[in-house]
Each structure stands twice: as structure tokens, then as C-alpha cells.
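The values are calculated or read from the model by the stated rules, or taken from the named source; none is laboratory data. Since we're looking at a predicted model, the values are computed, not measured. So basically every Cβ, Gly included, is an ideal-geometry build from the backbone, and we count neighbours across all protein chains shown. These area figures cover heavy atoms from the full protein model, side chains too; ligands, DNA and RNA do not enter into them. Shrake-Rupley method; radii C 1.70, N 1.55, O 1.52, S 1.80 Å.
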Amino acid sequence: MTLANGRPYLAIPGPSTMPDRVLNAMHRAAPNIYAGALPEMVESLWPDLRRLAGTKAYVALYIANGHGAWEAANANLFSRGDLALVVATGRFGIGWAESATAQGVQAELLDFGKAAPADPARIEAALRADTAHGIKAVLVTHVDTASSVKNDIPAIRRAIDAAGHPALLAVDCIASMGCDAFFMDDWGVDVVVAASQKGLMVPPGLGILWFSDRAMERCKTSDLRTPYWNWTPRATATEFWQHWAGTAPTHHLFGLRESLNMIAEEGLEAVWARHAALARTVWAAFDAWGAGHPEIALNVADPASRGHSVTAARIGPAPNASRLRDWLEQRAGVTLGIGLGMALPSEPAYHGFLRVAHMGHVNAHMTLGVLAAMEAGMIALDIPHGPGALTAAAQAVAGAAGA
């Protein structure tokens, strides 16, 4: 028997659940792209996007997904043959290195595995060893979407400064923007990369870059820039079409405007606090399921090193995670994320991992519903697990919400 009828719930780490307000804002006829309501509305986006990232820096929007946003950053940061130091704490850190390499950039990879944050001391040592200052930028994920590892960006900035190295600091916030606290200017970040489909609650299709005066100046001669990827005319446009190198992504912009309205109404600090509380709710359930059952565990041991938008976990032995994911989608209307990057899809171990997303337009009953459905699936599939997970999750919500 299936209990999946009704509205399905997508608990994958992007695209996230889209609010009705965002969908309604997008549900309109095509607008005039030369004058009137659309250009006037877009002018209101820039200050709100700057507040979102904690910066007074430049902002550029691209019609692209997260991989396109990487490519935009690479194209503006580097010339062919330049050297990047790429800090990886999961599959998406490695993916950014692969993207840069494919564009002709030399990527020196510092791989810290997929269960713990980067060690700033090793980053400092690598930069000190670069006595010729050939490294043009350090690339790092704030939260890796695959591993859910959260890196200490201020500590990495201090490591760069301690090494006395002029490298720019570029941070991938695709999985964290609008979910985890981020302060571009206070943390000394030069380039930030994000996308619309996660914490911003808009369909995939908008890549967002914020970049500092220092990045603008240092990257003026980067030879990987083509007319489309060049961030300068987008960020300093004197005509509306220049923001997009052509036709604007009209309906995504209306959706983005509404999502930023919703974030402002809740308050950015409250948005961060909500994500932190819901993340702790998921962690509490996994801790209870895993008590006495070491095959069930969170990927990141230290709570301080976990992102608040997505939780990567093991439900073993394989193929139990895949069995549970299939049962949830087919029988309960809940879709969880695959265990991306933990093992190759061709390896049996791949089927022992999954991810639970709690990003964007998510509240307590949605997260508790996912956890209850997961426990039902473990019972139905006879997957051994510890008791008390739903009580622990409820207590986490009660503690965060108060009386």
C-alpha cells in the first residue's frame, strides 16, 4: 500500500521547496525587458543581495546553475595557466577544482577528506611554500553540499594573512547562503559564489557572484573572460541588458524579489537561527537512531563543523540507505538526497549513504514529518535502529521554539 498521495516533499539539497509566494510571483505574463516594472524592480535587488552576503561589494547575476557560477568565478579570477589553491572537504570542493582545471587553470588541491573541516595551518603552510606568489586565489566551500562539512572561513582568512600571501579568497556559498551566517566583508572574503535553488528558494537558473574592489582590480587582465562571463559590465551596467549580457531571466528575477522579501520579513538572523534549530532536530534523531547501532551515524562528528542546510549521514549496512530512500519516495511521498561523493555509484558502499536537506522554505512540521517518515521506513524495512529519535527531535524543536 502506498501513502504517497498528496503533496510530495522534496528533502534533497537543491532544488529546495519553493514557497507559494515565489511561485505566484513567477506566474505572470512575460514583462517588458526595456523599461517599466521589471528594470525598476531589479534595482531593488542589489542592496538586498548585498545585505544577504554581509557586504558592500559588487554583485553580478548570471543565468546559470551553481556549476555556471563556478565557471563565472573562474573566468574572472584567472588567466589560462594561473595557479589556484583549492581546499576540498567533500565532492563539491573537488568539483570546483575540476571546473577550474577544465578552463585551463592549474589547481593545486588540498584535500581534507569528507568528514572534517580544512586545517588552516596546512593552508598557511602551502601558501608560505609559494614563495613566488604564483597562487592567485584560494578556493574553498563554506558548506560542501555533499559532505555537509562547514569550513571556518575567518580562520582561513587569518591563515592567508599569516602567510603574508596576496592570494584572493573565493568562497562557494551555494549550499550555505541564506542558511548559515556569512559576513563577506567582516571575514575578508574577496569573491562569493551562490545560486538560487537552495537557501534562496527560487528554481535553479540564477548564479550569483559578489566580489570586492580588490578582486575587481586584480582581475582586470584575466584572459579567461568572454563577453558573457565578464563580471564588470554586469556589476557596473549603465543599460539594463548589460546586467545579463542580453535578455534578462525575467521570471527568476520576480521569484528572487519575493524570496528576498520573505527573508527580510522573517529577519536574516532569524532565518539563520531557524536553520540551526532544524539542523539540530535532524542531528538529535540520528544520534538516537545510532545509539547502539554504529552503522547509523552523521557524517561529521563535530556539530560545530556541520552546515545548517543539509545533513549527510550513513544508514548502513549498504544497501539500507538506498532501500530507505526508495521506500520513502514510493510509499510516503518523501524524497531524500543521495549520498553524493561518499563512494562511487558502482560501489556497493554507495548505497549506505544519504542526505537530509533542511534548507530554505522549511519549518518544524516539515522536518519532523521527514524524520517520522524515515523511522516508519526503517521499521517497515527492518533496519536496526535505536529508540527515541522522534522524542529527541520533538524536544529539540520544543527547546528552540519555547513556550
Checklist entry - Filter the stretch 238-256 for residues that are in contact with a helix residue (DSSP H, G or I) (Cβ under 6 Å, 6 or more places away or on another chain) and open to solvent by 30 Å² or more (accessible area, probe 1.4 Å); which is nearest to Cys219 (Cα to Cα)? => result Gln242
Checklist entry - Can you tell me which residue in the stretch 372-403 is farthest from Ala276 (Cα to Cα), limited to those that are open to solvent by less than 60 Å² (accessible area, probe 1.4 Å), touching a residue at least 24 places away in the same chain (Cβ under 8 Å) and not in a helix (DSSP H, G or I)? => result Leu381
Checklist entry - Do the conditions hold for Pro233, that is, is it over 22 Å from the mean Cα position of the chain (by Cα) and assigned to a helix (DSSP H, G or I)? => result yes
Next on the checklist: Restricting to the stretch 115-129, and then to whatever is in a loop (DSSP other than H, G, I, E, B) and without any contact (Cβ under 8 Å) to a residue 40 or more places away in the chain, can you tell me which residue is least open to solvent (accessible area, probe 1.4 Å)?
Outcome noted: Ala118
Item to check | Test for Asp48: is it without any contact (Cβ under 8 Å) to a residue 12 or more places away in the chain and under 25 Å from the mean Cα position of the chain (by Cα) | outcome: no
Item to check | Qualifying residues in the stretch 70-114 (those that are assigned to a helix (DSSP H, G or I) and among the β-branched types (Val, Ile, Thr)) - the one least open to solvent (accessible area, probe 1.4 Å) | outcome: Ile94
Next on the checklist: Among the residues that make up the stretch 338-353, is at least one of them in a strand (DSSP E or B), open to solvent by less than 50 Å² (accessible area, probe 1.4 Å) and out of contact with any Cys (no Cβ under 6 Å at 6 or more places or on another chain)?
Outcome noted: yes
Checklist entry - All but one of (1) closer than 20 Å to Ala170 by Cα; (2) open to solvent by less than 10 Å² (accessible area, probe 1.4 Å); (3) in contact with a Gly (Cβ under 6 Å, 6 or more places away or on another chain) hold for Leu61; which doesn't? => result (3)
Next on the checklist: Against the condition free of Cβ contacts under 8 Å to residues at least 60 places away in the same chain, under 15 Å from Met201 (Cβ atoms) and surrounded by fewer than 16 Cβ atoms within 10 Å (Cβ to Cβ), how does Glu266 come out, does it pass?
Outcome noted: yes
Checklist entry - Limited to the stretch 103-116, what total is found for residues that are under 20 Å from Gly134 (Cβ atoms) and not charged (D, E, K, R)? => result 7
Item to check | Members of the stretch 34-63 found to be touching a helix residue (DSSP H, G or I) at 6+ places or on another chain (Cβ under 8 Å) and either on the phi > 0 side of the Ramachandran plot or among the hydroxyl-bearing types (Ser, Thr, Tyr) (or both), listed by number | outcome: Tyr34, Ser44, Tyr58, Tyr62
Checklist entry - Looking only at residues in the stretch 54-69 that are touching a residue at least 40 places away in the same chain (Cβ under 8 Å) and assigned to a helix (DSSP H, G or I), which one is farthest from Ala235 (Cα to Cα)? => result Gly66
